[in-house]
1. Taking the highest mean first, how do the peptides 48-54, 128-134 order by number of other beta carbon atoms within 10 angstrom per residue?
2. For a quick size check, give me the Cα extents of region 144-260 along its three principal axes, largest first, whole Å.
3. Send over the semi-axes of the chain's equivalent ellipsoid, whole angstrom and largest first, taken as the square roots of 5 times the C-alpha gyration tensor eigenvalues.
4. Using only Cα atoms, tell me the angle between helix 85-94 and the longest principal axis of the chain; keep it within 0 to 90° and round to the nearest 10.
5. List 80, 59, 300 from most exposed to least, where exposure is judged by having the fewest other Cβ atoms within 10 Å.
6. Using Cβ counts within 10 Å as a stand-in for footprinting exposure, how do 240, 168, 320 rank, fewest first?
7. Binning at 10 Å from 0, report for region 1-90 what percent of all alpha-carbon pair distances ends up in each bin.
8. Listing 163, 232 from the residue with the fewest other Cβ atoms within 10 Å to the one with the most, what is the order?
């Protein structure tokens with residue numbers, strides 16, 4: 001089997017250019033280590049841990065489960081009581097992690113802190129404008145998130161086919177493609193559009209090792225690409241979530257509220273209720289993120305089987321596409 005040789009695989013020391021994105025309440029050691037052991041890059045989700053010390057413990061636990069490279073995600077989001085991002089960043093650094101995925105608002109200070117100790121930083125962006133700002137901060141890779149993605153999709157509604165081509169045209173820093181990827185055909189397409197690899201979240205949720213209830217994995221398998229909803233657009237904080245009873249209730253308030261106060265919808269979009277979904281297996285208990293890629297997911301493989309399948313599919317597609325090019329014969333030029 002031939003090996004991939006992209007800027008991403010070379011920089012991170014991984015075999016297959018597939019990154020498991022940071023996912024709240026999913027990015028535990030079980031998930032990250034399984035992806036890394038399969039040849040991709042596993043990612044722990046920093047803020048899934050309640051304190052920086054808990055994150056230290058989770059990093060050590062992940063190290064006991066894999067000898068391969070893995071990273072940590074740190075997402076900075078507006079909050080009434082924001083976590084101590086600096087302390088989380090320091091915990092990541094102190095534990096010897098040198099691959100970090102960042103996302104969110106005003107990441108400058110955190111990125112500076114990581115770069116000062118030689119970390120490789122992958123920063124997630126939903127627009128080229130934000131990507132260019134991140135380049136100025138010194139990030140090593142950009143994760144370009146199309147409108148198809150789960151979670152925070154931005155407010156510009158630009159799908160990956162356009163966004164990745166714009167990234168290829170304008171960005172001077174290597175990038176990976178995020179949103180809408182589940183198979184080797186997608187990886188081959190991303191590479192053709194100029195990306196150095198792909199980032200997958202929802203697809204990795206639907207694996208044997210994903211630390212969520214099997215009912216939720218089966219809900220993803222049973223879903224169609226139309227089974228997501230965009231919530232919180234009224235407050236310029238649009239998130240793509242799995243379409244269920246709670247998202248429908250939240251959208252009704254969003255459409256019909258005469259005050260426009262976020263407090264009216266807040267109980268419906270509680271992150272704690274979403275966490276319980278992954279524990280109790282009731283897909284309608286709360287809101288939870290899922291991308292349109294759910295329409296492409298039809299099984300629950302191990303991470304090893306999934307990454308290997310993606311690797312083989314991508315190689316097969318790229319070889320087939322190369323075979324479509326033929327040299328002109330001398331007679332055809334007459």
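Since every read-out is calculated from the coordinates, none of them should be taken as a lab result. Nothing here was measured: the structure is a model prediction, and the numbers come from that model. Cβ atoms come from the backbone with ideal geometry, glycine included; neighbour counts cover every protein chain shown.
1. The densest-packed peptide leads the list: 128-134, 48-54.
2. 45, 36, 21
3. Semi-axis lengths for the chain are 31, 24, 21 Å.
4. It is inclined by approximately 50 degrees.
5. Ordered from fewest to most neighbouring Cβ atoms within 10 Å, 80, 59, 300 come out as 80, 300, 59.
6. Fewest to most other Cβ atoms nearby, the residues stand as 320, 168, 240.
7. Histogramming region 1-90 at 10 Å steps yields 18, 45, 27, 9, 1, 0 percent.
8. The order, fewest Cβ neighbours first, is 232, 163.
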